1. Rounded, prolate or oblate: pick one for the range 24-76, where a ≥ b ≥ c are the square roots of the eigenvalues of its C-alpha gyration tensor, a/c under 1.5 means rounded, and failing that, prolate if a/b is larger than b/c, else oblate.
2. Which residue fluctuates the most in the chain, going by a Gaussian network model with Cα springs under 10 Å, if the choices are V321, V93, V80?
3. Within the range 62-96, find all residues whose amide N lies under 14 Å from a label point positioned 7 Å from the Cα of R29 along Cα-to-beta-carbon.
4. Please report S342, S210, S64, S165 as a ranked list, fewest other C-beta atoms within 10 angstrom at the top and most at the bottom.
5. What is the distance, in nm, between label points placed 7 Å from the Cα along the Cα-to-Cβ direction at V378 and at A260?
6. Take R356 and L133, extend 7 Å from each Cα along the Cα→Cβ direction, and tell me the distance between the two endpoints in nm.
7. Calculate, for N420 and A315, the FRET efficiency according to 1/(1 + (r/R0)^6) with r their C-beta to C-beta distance and R0 60 Å; round to the nearest 0.05.
8. Could you calculate the contour length gain from R157 to K403, that is, 0.36 nm times the residue separation minus the distance between their Cα atoms, to one decimal place in nm?
Amino acid sequence: MRWSRVVVAVLVGALAGGCAGGRGAEGGRVTLTVGVFGAFGLKEAGLYDAYMRMHPGVVVRQTSIERNDNYYPQLLTHLVSDSGLADVQAVEVNNIAEITATQGHRLEDLGAVPGVDKGAFLPWKWAQGTDRLGRTVALGTDIGPQAVCYRKDLFARAGLPTDRSAVGRLWAGDWEKYLDAGRRFRATAPEGVAFVDSASGVMAAITGSSPLRFYDADGEVIYKGNPAVRRAWDLAAAFATEGLTARLQQFTPAWDQAYANGRFATVSCPAWMLGYIQDKAGPAGRGVWDVAAAPRPGNWGGSFLVVPSAGKHRAEAAKLVAWLTAPAQQATLFEKRGSFPSSPTALALPVVSGARHAYFGGAPVGAIFAAAARGVPVAVTGPKDAVIAQNLADIGMLQVDQKGRPPRAGWDAAVKTIDNALDR
């Protein structure tokens, strides 16, 4: 539900497995299947059970494929063939642009479903699920507004402020100030401790705070000449070349272990990453890690639900999606699973707005992430955003960060790989 490379839990299933259930019934009741990836959260939060209690004539069955990079190619194949689909399918944010651009005509217009309110979704989230004909074919579940998580003990030893408001002021408004804070930290930091985990993580955070990234509004690939992308690259490369990173690759065993070992002091953290940090840093990190506002609002992560037009129970499936993505259910998903709502109405509910995280020193995470969510720019997305972002990080910036290659060489290597992937 949050990011394609991280496995939250193992739930065995297949898209094709959802097809049979969606066509049948149990005891005269309509059976709706929902196909998702990973531990998507809807089932775990009890939302299906709640819906079935409200609708005795409906049975909801979920199937899950563990990783999105296995789930998504199958979803595309089944959409193109109009077969093997669940009544409801999940789509990760990195894939939504391709779905709306190439598969929108195979999906139901959920914006026209009774009870669905455009105003109940953040404008940029609604826009992501809308195709070029103005049909909203995907309704948002969660989002990934970003903050910066930091180690108070390491900041104190480096002579930097530790109060989250004061920390946020160190870099408020400009990612260049985040780099300056890193230079201050390095001057007096404890031995063997870096300011950030990785240059790629910094680059992703900076890119995520820009409205124009890899594509323009006409669908043209522009990342090579986009000043926002080049600035994100140059700033992230500066973190690497100036020795401010722990030279790690995110979501690897070494990165996980570094949380426990205290090898870095800050990490760009979307709302969903709080639980990940808590898990990897363990009990020793409780009250040590804290959360401050990021230099600029940005988003990393989030998902959508769609209803394939090939389904037998389209109307019933659309009603289920409308209910699952309504503000009250988004608030429940946040309360039970930590998935941050994409609904401004949900953001205002006390369970969200008043949320604090005990592990992170009682940080007012509801307020911090809600403010970030409201400030996220409406970004232009493209069908191969994920391909471009992954290669800039794993082919390009990783070489700069871990192998010490010149930033220009890393950039050229990434561009070559991206061009090959896009057949350019």
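What follows is calculated from the coordinates using simple rules that are stated; it is not laboratory data. All figures in this text were calculated on a predicted structure; none of them were measured in a lab. Every residue, glycine as well, gets a Cβ built from its backbone with ideal geometry; the counts of neighbours run over all protein chains shown.
1. Numbers: a/c = 4.05, a/b = 1.74, b/c = 2.33.
Oblate.
2. Its mean-square fluctuation being the largest, the pick is V80.
3. 62
4. Exposure proxy ranking, most exposed first: S165, S210, S64, S342.
5. 4.6
6. Between R356 and L133, the label points sit 5.1 nm apart.
7. Values: r = 44 Å, r/R0 = 0.73.
According to the calculation, E is roughly 0.85.
8. Numbers: separation 246, 0.36 × 246 = 88.56 nm, distance 2.91 nm.
Gain on extension, R157 to K403, equals 85.7 nm.
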